Amino acid sequence: MSEVIYLDNASTTRISQDVIDAMIPYLNNFYNPSSIYTSAQNIRSKINECREFIANTLNAYNSEIFFTSGGSESNNWAIKSVADTFSNKGKHIITSKIEHHSVLNTTKYLEYHGYEITYLNVDSGGFINLNELKKSIRDDTILVSIMYANNEIGTIEPIEEIGQICHDNGILFHTDAVQAYCHIPIDVRKSNIDLLSVSAHKFGGPKGIGFLYKKSNIPLIPLIHGGDQEMNKRAGTENVAGIIGMTKAAEIAYPSITERSNCEILLRDHCIKRILTEIPYSRLNGDRVKRLSNNINISFQFVEGESILLYLNKYGICASSGSACTSNSLDPSHVLLAIGLPHEIAHGSLRLTISHETNMNEINYTIERLKEVIQKLRSMSPLYDDFIKM
Ligand SMILES: *Cc1c(COP(=O)(O)O)cnc(C)c1O
């Protein structure tokens, strides 16, 4: 067993030695891909090979892939660009209550600038309601942005159906696929996806690199203005080593999506089953089946999520109570509130996100420690004390 047990793969993933080895030559090979001499042009062709590989993993064209600094930039870019370009048609955007903050804070910014945003509800499993989506569409709706899979509770949204509804109504469809890419097979054409955001560090790549897919017939204005990199759409000298590292990570992960997720599902389901049967007053958040293969999210009554994390940390177990973005605040997760959990239960939640590298010993060790921790915390809880005396 390694020194730490890393069960926080939704916040970031371990970068493999193969990815690092692929990147190092491109840190040494410092040429600017925009220069005309051979050494620089060789790097430019390498970047285009990367673009081609990535495009093929999505059934997209090379010219539809734009490298960015990651998921947050891609989400900002997609939404702000459509908002700007189509403001003559309308200023109404539909999204959901459980999006990542890089979507929700972008729509909040747009609200401030006069856009109207509909935040779709989700049911107790975290799914949007397709009828509510249809009813929310108006003449001035320009964009629907719904995440592929949720980073906290792992729910996989009905993307093909959403794409079809948007297509039938002539509305653009953006999806934040940061948790899905290289974890679930994605076909942008089959699913009618117009824009899609990805981040490398969620599938074994380095941080600070990602991409935006944009269907070719849709106009796209830059978020970052400057030079003519990325087909004149995203200025700034390319993060060459980042692009190489992200592509290497995709080359490793993409062919083994099914194999990896089958391994993860075995561990995930074992873990969920053991926790729910061995720890009383616990409940699974998110759907039992249509969930990411790496996601376990459980609420424990009468305990504080933050205290669970601190105790698990003492045992060398890295876990999370929700998204990394909310871990510094004491507000309960917006996702758990949206699926209908009362505040006090949302506060007692734990997210374990495994990877293909996680093994059964690590899971069983974690469950044993978790049982002790929950028992200990409950023994100190006046609420629990009152409850069992009832
Ligand atoms: C991590 C994450 C992001 C942000 O990606 P960064 O590359 O860290 O900016 C966006 N959306 C989801 C669903 C994520 O999990």
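Restricting LEU352, LEU336, LEU309, LEU341 to those that are surrounded by 21 or more Cβ atoms within 10 Å (Cβ to Cβ), at pLDDT 95 or above and either in contact with a Leu (Cβ under 8 Å, 6 or more places away or on another chain) or part of a loop (DSSP other than H, G, I, E, B) (or both) reduces the list to LEU352.
Answer yes or no: is there a residue in the range 15-36 that is touching a helix residue (DSSP H, G or I) at 6+ places or on another chain (Cβ under 9 Å), within 16 Å of the ligand (Cβ to nearest atom) and within 30 Å of GLU357 (Cα to Cα).
Yes, the range 15-36 has at least one match.
When residues in the range 199-233 are screened for being over 21 Å from the mean Cα position of the chain (by Cα), part of a loop (DSSP other than H, G, I, E, B) and away from the ligand (no atom under 15 Å from the Cβ), 12 of them pass. The requirement of being part of a loop (DSSP other than H, G, I, E, B), over 19 Å from the mean Cα position of the chain (by Cα) and closer than 16 Å to ILE47 by Cα is not satisfied by ALA241.
Has the range 286-296 got any residue that is assigned to a helix (DSSP H, G or I) and free of Cβ contacts under 8 Å to residues at least 12 places away in the same chain? Looking for residues that are assigned to a helix (DSSP H, G or I) and free of Cβ contacts under 8 Å to residues at least 12 places away in the same chain, one finds none in the range 286-296, hence no.
All conditions in (1) free of Cβ contacts under 8 Å to residues at least 60 places away in the same chain; (2) of a type in the set (A, V, I, L, M, F, W, C); (3) within 16 Å of the ligand (Cβ to nearest atom) hold for LEU276, with the sole exception of (3). If I filter the range 257-278 for residues that are under 17 Å from the mean Cα position of the chain (by Cα), β-branched (Val, Ile, Thr) and farther than 18 Å from GLU362 by Cα, do I get at least one hit? Yes, because at least one residue in the range 257-278 is under 17 Å from the mean Cα position of the chain (by Cα), β-branched (Val, Ile, Thr) and farther than 18 Å from GLU362 by Cα. For the range 260-273, the tally of residues that are of a type in the set (D, E, K, R) and free of Cβ contacts under 8 Å to residues at least 12 places away in the same chain stands at 2.
PHE53: in contact with a helix residue (DSSP H, G or I) (Cβ under 8 Å, 6 or more places away or on another chain) and within 16 Å of the ligand (Cβ to nearest atom), yes or no? It is false that PHE53 is in contact with a helix residue (DSSP H, G or I) (Cβ under 8 Å, 6 or more places away or on another chain) and within 16 Å of the ligand (Cβ to nearest atom).
The single condition among (1) farther than 14 Å from ASN129 by Cα; (2) within 17 Å of the chain's Cα centre (by Cα) that SER191 does not satisfy is (2).
Among (1) assigned to a helix (DSSP H, G or I); (2) touching a residue at least 24 places away in the same chain (Cβ under 8 Å); (3) not polar (S, T, N, Q), which single condition is ARG44 missing? Only one criterion is unmet by ARG44, namely (2). Only residues that are of a type in the set (A, V, I, L, M) and buried (at least 16 other Cβ atoms within 10 Å of the Cβ): list them for the range 368-388, please. Of everything in the range 368-388, those that are of a type in the set (A, V, I, L, M) and buried (at least 16 other Cβ atoms within 10 Å of the Cβ) turn out to be LEU370, VAL373, ILE374, LEU377.
From the list GLU238, GLU259, GLU230, pick out the single residue that is more than 16 Å from THR68 (Cα to Cα) and not β-branched (Val, Ile, Thr).
GLU259
For the criterion of being touching a residue at least 40 places away in the same chain (Cβ under 8 Å) and touching a Leu at 6+ places or on another chain (Cβ under 6 Å), LYS214 passes. If you filter the range 56-92 down to residues that are among the aromatic types (Phe, Trp, Tyr) and within 16 Å of the ligand (Cβ to nearest atom), you find that the one that is nearest to THR237 (Cα to Cα) is PHE67. Here the range 20-41 is the region considered, the condition is being small (Gly, Ala, Ser) and not in a helix (DSSP H, G or I), and the residue that is surrounded by the fewest Cβ atoms within 10 Å (Cβ to Cβ) is SER35.
Filtering the range 225-258 to residues that are without any contact (Cβ under 8 Å) to a residue 24 or more places away in the chain, over 19 Å from PRO206 (Cα atoms) and surrounded by 13 or more Cβ atoms within 10 Å (Cβ to Cβ) leaves only ALA235. Checked against (1) in contact with a Ser or Thr (Cβ under 6 Å, 6 or more places away or on another chain); (2) of a type outside the set (Lys, Arg); (3) under 22 Å from SER87 (Cβ atoms); (4) crowded, with 22+ Cβ neighbours inside 10 Å, CYS166 meets all criteria but (1). Of everything listed in (1) more than 25 Å from VAL178 (Cα to Cα); (2) within 24 Å of the chain's Cα centre (by Cα), the single unmet condition for LEU310 is (2).
The values are calculated or read from the model by the stated rules, or taken from the named source; none is laboratory data. Computed from a predicted model, the values in this text were never measured in an experiment. Because the Cβ atoms are built from the backbone with ideal geometry, glycine has one as well, and the counts that use them run over all protein chains shown.
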